Amino acid sequence: MLKVLVSGCLQGRALRYNATYVPVNSLIWDRWSAEGRLVRFCPEVAVGFPIPRPPAEIVGGTAGDVLAGSARVEEATGADVTNLFRLAARRALDRAVEAGVALAILVDGSPTCGSSVIYDGSFTGRTVPGRGVAAEELLRHGIPVFHEGQLAQAAAMLADLEKSERCTG
Ligand code: SF4
């Protein structure tokens, strides 16, 4: 059975910077949970960020630039947390590989987990198309990333992958 890496703050665990979680109302989620497919992981908490913590945004470039060392991740306090965010991304990849996940469902908008939008680095609430650092790291290593609004698309990909596994197995 193929596994799915999921943001640790999805459905029930208040791990976000503001000590909240992201609810998921989906039969797909419920089924995956009952099947034991979900591999929960919070990259930020895994590297020691507290709950709650100041909000953070990518500043001066993209998640790819953060990984390359040419953009930063800053907290609203101005603290530079780039290195911890890069480590968090690496930990997410390590967990995904260790668990052998087929894909990931990550919370959109996060500087770590975002996959279609992130905040623009101005701390004014504006979003821009972009990815978080862990999502970027996973994608670079061939792990498809979906956000919590794309469970149907993710389920379709998972079904295709399982079908092709059965055909070759
Ligand atoms: S890093 Fe990801 S899993 Fe952790 S709280 Fe933020 S969005 Fe959720």
Among the numbered criteria (1) open to solvent by 20 Å² or more (accessible area, probe 1.4 Å); (2) not in a helix (DSSP H, G or I), which single criterion is violated by Ile118? (1)
Single unsatisfied condition, Val97 versus (1) β-branched (Val, Ile, Thr); (2) open to solvent by 50 Å² or more (accessible area, probe 1.4 Å); (3) touching a strand residue (DSSP E or B) at 6+ places or on another chain (Cβ under 7 Å); (4) assigned to a helix (DSSP H, G or I): (3)
Do we have Gly64 as modelled with pLDDT of 95 or more, of a type outside the set (A, V, I, L, M, F, W, C) and more than 21 Å from Arg16 (Cβ to Cβ) here? yes
Looking at (1) more than 16 Å from the ligand (Cβ to nearest atom); (2) in a loop (DSSP other than H, G, I, E, B), can you tell me which one Thr112 breaks? (1)
Being of a type in the set (A, V, I, L, M), open to solvent by 30 Å² or more (accessible area, probe 1.4 Å) and assigned to a helix (DSSP H, G or I) is the filter here, so list the residues in the range 65-94 that pass it. Leu67, Ala68, Leu84, Leu87
Within the range 121-145, considering residues that are part of a helix (DSSP H, G or I) and in contact with a strand residue (DSSP E or B) (Cβ under 6 Å, 6 or more places away or on another chain), the one nearest to Pro54 (Cα to Cα): Ala135
Restricted to the range 11-21, and to residues that are out of contact with any helix residue (DSSP H, G or I) (no Cβ under 8 Å at 6 or more places or on another chain) and farther than 17 Å from Ala56 by Cβ, which residue is farthest from the ligand (Cβ to nearest atom)? Gly12
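Regarding Leu103, is this residue among the aliphatic types (A, V, I, L, M) and in a helix (DSSP H, G or I)?
It is false that Leu103 is among the aliphatic types (A, V, I, L, M) and in a helix (DSSP H, G or I).
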Could you go through the range 3-13 and let me know if any residue there is over 16 Å from Gly149 (Cα atoms), open to solvent by less than 40 Å² (accessible area, probe 1.4 Å) and among the basic types (Lys, Arg). no
Against the definition (small (Gly, Ala, Ser), more than 14 Å from the ligand (Cβ to nearest atom) and in contact with a Gly (Cβ under 9 Å, 6 or more places away or on another chain)), how does Gly121 come out, yes or no? yes
Filtering the range 22-53 down to residues that are more than 13 Å from the ligand (Cβ to nearest atom) and either in contact with a strand residue (DSSP E or B) (Cβ under 6 Å, 6 or more places away or on another chain) or aliphatic (A, V, I, L, M) (or both) yields Leu27, Ile28, Trp32, Ala34, Arg37
Consider the range 151-164. How many of its residues are within 22 Å of Val97 (Cβ to Cβ), without any contact (Cβ under 8 Å) to a residue 60 or more places away in the chain and either of a type in the set (A, V, I, L, M) or not in a helix (DSSP H, G or I) (or both)? 1
Checking the structure you have, find out if any residue of the range 71-79 is at pLDDT 95 or above and under 30 Å from Ala159 (Cβ atoms). no
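The values are calculated or read from the model by the stated rules, or taken from the named source; none is laboratory data. These numbers were taken from a predicted model, which means no experiment stands behind them. Please note: Cβ atoms are built from the backbone with ideal geometry, for glycine as well, and neighbour counts cover all protein chains shown. Heavy atoms of the whole protein, side chains included, go into the accessibility calculation; ligands, DNA and RNA do not. Shrake-Rupley method; radii C 1.70, N 1.55, O 1.52, S 1.80 Å.
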